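S.K.: Have a look at this one.
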């Protein structure tokens, strides 16, 4: 199939409609109120990253004019205009949701977010005292000179653009809002009424205390936030100098090209024109916003009301057959185990590494990490293993976007503690989530593996839905030995029999699995695929799925994020259905199920169907051989396919219409999966 002529949704536009699904959660009245505020924060944070990376890339490409069209197959300037149209519409929806719905519903709960104009005398005195004791010393305004250019604004920092008027004279100033103080201040309660004020409004209320030395008739202050190009220009050399090169590039990130100026729509036009002229911005970079920017901080919005205003917190479930009081490796030696987080406890993974760290029979631990928690128990276990005399090999991917600084810090700490730290392969990110423990048993090397769809990160494991396999199956551990040996030499693993490892194996092996379904469909046999992933954007893979659909293969997709494939298109995708689930947990697992002539093959993987995952990263896909675990995964996927509460249909119109099933019984996959795992062995 000629990929130049297949129907596709532009990836940037598709991503924006994924973020619209996040906004839908914020608008859903069945979602607890504080959680709705958090979804607004996630929407805002997602959009910040989108501008820093994707819009920044398109902006660079737009400077190439006709060459960019040849490279991309579309006009980047046209897409940038479409992006602005969609984003402005979403921002309008966002602002209406926050200002006209969320604020009112908080008030119904006797929770009031006050601004600087709504403080009575007593609360005003409290705010003044708080400001002078906690904030004043951190605020040093920059007085602007009309004859000089505007100072460099920090990426994503919030500023007040201030205008002081005295007669016919005006002065302008900038105040950077500190990010090391809580954005929210809880005011004294009155008559069972709860009051919260944002730091922004405390500063507005106390502007006189900041500019007291200047004569003025009036002071106006409006918030702005600049988002910069965050892509790194890096030397591809992977050597001892790489960390220093990356660290320097991170410093440059603060000074990337301006991509978006978010401004308070209440700002007078003369102030906005003055600001835009000084910054040298173009119209497509201007996004009207509301009174408060950097809304991602609202992820920490305090719940001063009822517990029911947040999601019910479910206790992590035990994994049947695994016990913290016994040797995990002893149990894994007998059978494979599957951990489905956050429904089940991630502590099993920590315990697996802790046991390896102290077991005298363990000689070597190898692990590849991509995103680590800020206070990583994984790292602490590896350090203790090294101190106990184990050989510990830790591959740290320094180029994990926006986690580079954290990973540099951990890599240096690991090296200081005697861990053999590796820095990947030239030209490829290592995105695998794999760990291998070598243990001496009866004079021979025995291996135990931990393979996952999610990061070795105990913090995100509380929020990301992933699958982790603990196994001693020699088919998998044997291949994993080969993978780690290759990584240790800065090379790509070859000749694997069971694991599917990008960039060498993924495309040909997945094509082979799809071709098998195509052959079976053409032979009149049952043929289907169920594929779950975060993103689907690789054009060749989409063309292959269209080919399978045309051959009669039934394809059901669960794609959380961007999906460039268009289902239900005559002559291309009539046998393809796509849903997206956005709910309290972030759907992060990648699962492939192939009919295989009614002898199902099930794979878990760290890779999405994106060109970067297939061709430019080291990713590991692994088969599930245990029949009970295969059934468990299939049951979980079937529950997700039955979701008629939080699943949306993906279609060419990007309507994000809620998915309806044939049953009238409500099915909310994330709740039903928890109950399934809780009750399945009873």
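The values are calculated or read from the model by the stated rules, or taken from the named source; none is laboratory data. No experiment lies behind these values; they were computed from the predicted model shown. Neighbour counts run over all protein chains shown; Cβ positions are idealised from the backbone, glycine included.
S.K.: Please verify whether residue 358 is closer than 30 Å to residue 602 by Cβ, modelled with pLDDT of 95 or more, touching a helix residue (DSSP H, G or I) at 6+ places or on another chain (Cβ under 9 Å) and outside the structural domain of residue 604 (by TED's automatic domain parsing), treating the condition exactly as stated.
M.R.: no
S.K.: Given (1) within 28 Å of residue 436 (Cα to Cα); (2) assigned to a loop (DSSP other than H, G, I, E, B), identify the lone condition not met by residue 524.
M.R.: (1)
S.K.: Next question, about the same structure. Only one residue in 389, 305, 330 is within 30 Å of residue 112 (Cβ to Cβ) and modelled with pLDDT of 95 or more, so which one is that?
M.R.: Criteria check complete, one pass: 305.
S.K.: Of all strands (runs of 3 or more DSSP E) completely enclosed by segment 565-682, which ones contain at least 2 residues that are within 24 Å of residue 519 (Cα to Cα) and touching a residue at least 12 places away in the same chain (Cβ under 8 Å)?
M.R.: Filter on segment 565-682 gives 576-581, 590-594, 601-605, 620-623.
Table: residues versus (1) over 30 Å from residue 167 (Cβ atoms); (2) assigned to a loop (DSSP other than H, G, I, E, B); (3) touching a helix residue (DSSP H, G or I) at 6+ places or on another chain (Cβ under 7 Å); (4) at pLDDT 90 or above.
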{"residue": "209", "(1), (2), (3), (4)": "no, no, yes, yes"}
{"residue": "219", "(1), (2), (3), (4)": "no, no, yes, yes"}
{"residue": "225", "(1), (2), (3), (4)": "yes, no, no, yes"}
{"residue": "234", "(1), (2), (3), (4)": "yes, yes, yes, no"}
{"residue": "246", "(1), (2), (3), (4)": "yes, no, yes, no"}
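S.K.: If you don't mind, there's one more thing I want to ask. More than 30 Å from residue 423 (Cβ to Cβ), touching a helix residue (DSSP H, G or I) at 6+ places or on another chain (Cβ under 9 Å), at pLDDT below 90 and crowded, with 17+ Cβ neighbours inside 10 Å: which single residue out of 260, 183, 253 fits that description?
M.R.: Among 260, 183, 253, only 260 is more than 30 Å from residue 423 (Cβ to Cβ), touching a helix residue (DSSP H, G or I) at 6+ places or on another chain (Cβ under 9 Å), at pLDDT below 90 and crowded, with 17+ Cβ neighbours inside 10 Å.
S.K.: Related question: Quick one: would you say residue 415 is surrounded by fewer than 21 Cβ atoms within 10 Å (Cβ to Cβ) and in a helix (DSSP H, G or I)?
M.R.: Values: surrounded by fewer than 21 Cβ atoms within 10 Å (Cβ to Cβ): yes; in a helix (DSSP H, G or I): yes.
Yes, satisfied.
S.K.: Check 485, 522 and return the single one that is surrounded by fewer than 17 Cβ atoms within 10 Å (Cβ to Cβ) and over 17 Å from residue 550 (Cβ atoms). Let's see the steps before the verdict.
M.R.: Details: 522 fails: over 17 Å from residue 550 (Cβ atoms).
Just one listed residue meets the conditions, 485.
S.K.: Provide a single number: the residues in segment 115-129 that are surrounded by 15 or more Cβ atoms within 10 Å (Cβ to Cβ) and out of contact with any helix residue (DSSP H, G or I) (no Cβ under 7 Å at 6 or more places or on another chain).
M.R.: 3
Here's the yes/no breakdown for (1) in contact with a helix residue (DSSP H, G or I) (Cβ under 6 Å, 6 or more places away or on another chain); (2) more than 18 Å from residue 227 (Cα to Cα); (3) surrounded by fewer than 18 Cβ atoms within 10 Å (Cβ to Cβ):
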{"position": "6", "(1), (2), (3)": "yes, yes, no"}
{"position": "9", "(1), (2), (3)": "no, yes, no"}
{"position": "12", "(1), (2), (3)": "yes, no, no"}
{"position": "22", "(1), (2), (3)": "yes, yes, no"}
{"position": "28", "(1), (2), (3)": "no, yes, yes"}
{"position": "36", "(1), (2), (3)": "yes, yes, no"}
{"position": "41", "(1), (2), (3)": "yes, no, no"}
{"position": "52", "(1), (2), (3)": "no, no, no"}
{"position": "63", "(1), (2), (3)": "no, yes, yes"}
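S.K.: Still on this structure, I have one more. For segment 624-644, check the following and say yes or no: at least one residue is surrounded by fewer than 21 Cβ atoms within 10 Å (Cβ to Cβ) and under 21 Å from the mean Cα position of the chain (by Cα).
M.R.: no
S.K.: Also, quick follow-up: Here's a check for you: in segment 149-164, which residue that is in contact with a helix residue (DSSP H, G or I) (Cβ under 9 Å, 6 or more places away or on another chain) and at pLDDT below 90 is nearest to residue 308 (Cα to Cα)?
M.R.: Only one residue fits best here, namely 156.
S.K.: Going by the structure shown, is residue 477 crowded, with 23+ Cβ neighbours inside 10 Å, touching a residue at least 24 places away in the same chain (Cβ under 8 Å) and under 15 Å from residue 436 (Cα atoms)? First the steps, then the outcome.
M.R.: Working: crowded, with 23+ Cβ neighbours inside 10 Å: no; touching a residue at least 24 places away in the same chain (Cβ under 8 Å): yes; under 15 Å from residue 436 (Cα atoms): yes.
No.
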